[in-house]
1. Enumerate the residues in segment 154-184 having an amide nitrogen under 15 Å from the point lying 7 Å beyond the Cα of residue 71 toward its Cβ.
2. Exposure proxy check: 138, 230 ranked by fewest other beta carbons within 10 Å?
3. Given 20 °C and 1.002 mPa s, compute D for segment 80-162 with the Stokes-Einstein relation, Rh being the Kirkwood radius over Cα pairs; round to the nearest whole µm²/s.
4. To the nearest 10 degrees, how steep is helix 367-379 against the longest Cα principal axis of the chain, on a 0 to 90 scale?
5. Percent of Cα-Cα pairs more than 19 Å apart in segment 162-296, please.
6. Write down Rg/Rh for segment 4-76, rounded to two decimals, with Rg from the C-alpha atoms and Rh from the Kirkwood relation over Cα pairs.
7. Helix 300-313 sits at what angle to the longest principal axis of the chain, using alpha carbons and giving 0 to 90 degrees rounded to 10?
8. Can you give the helix-only mean residue ellipticity at 222 nm for the chain, where every DSSP H stretch with n ≥ 4 adds -39500 (n - 2.57) and the sum goes over all residues, rounded to the nearest 500 deg cm²/dmol?
């Protein structure tokens, strides 16, 4: 009888007889399979095909469980650094370049110095608590703590799914929380004072931030091509800390958002382009780098130095960050009665809750004011 295979890796069964109709003869069935070491085995004594199939299936499942257990044991013995580097190399194929760099930076700066040599199978909630405590003791900022913890948790989720570490690993851990600093909003007069001391590039960045609500990196990608109407500016990309063009935060590749374009900001963009020009892709804020023989986008550190110098010259040293300009944009919108839903969209927040929590105190209508308006309307 010709052996009948059940499928790849499951083995086969047959009868070792010369009967013309072996499926109906009284002889027993024999099974053939390979053990975990790859050596072929035979086992006889099965009265029916079903008995032979059932035994092959049991052997296959047992072998699969043994292989899985061996794989889990091998992962559990790895150091976290070994595991994490392998995880990053496999996951990075689906990431944007800046996402991979951010994960590698979090690992290199915060996670590896504290957990690199720990065996993966020894992780427990107390290990995570110690990790957070060590960051606090080292003076790591709350925002950096949140990013590092999120990166660690993301990397360990496959371990939880595979059963290498317990499912309740993160349940008893209080994660770090970003503590936002008190919002400092410059007055328009202060912005004009800083702008008067700024160089040409910083003027463009400032105008896009306080006039249109751009983030720093979005303002670095300034271009007249993004003026899609007399009063509309399309934000479609940003410049990363690595001086590379990337997709927007919380957006997929190719997505964009459109924001109001005040005439003053439009005039600034046209003035700068007339004076300094732009590169082949339309980006205005680029410098020729003789070392690389190409135009380079603004470096965050250079722009920050420009900002600090302008603050100092305007006698406002240490009072504001560049992000304060975005706060001014939000404040200007809300105090002029623009709906918070529109403001959230223009600022590119992931959800309206972020906008509400940050700027609730700037909204002109309180519950008391609303009650007065409703009373008047009902009495009319």
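1. 158-165
2. Numbers: 138 11, 230 8.
Result, fewest neighbours first: 230, 138.
3. Values: Rh = 13.1 Å.
The diffusion coefficient I find is 163 µm²/s.
4. The helix 367-379 is inclined about 80 degrees to the chain.
5. Working: 5397 of 9045 pairs.
Considering segment 162-296, 60 percent of its Cα-Cα pairs are separated by more than 19 Å.
6. Details: Rg = 14.7 Å, Rh = 13.4 Å.
When Rh is taken as the Kirkwood radius, the ratio is 1.10.
7. 20 degrees
8. Roughly -15000 deg cm²/dmol at 222 nm, from the helical runs in the chain.
Bear in mind that the values in this text are calculations on the coordinates, not laboratory data. These numbers come from a predicted model, not from an experiment. For neighbour counting, all protein chains shown are included, and Cβ atoms are generated from backbone atoms with ideal geometry for every residue, glycine included.
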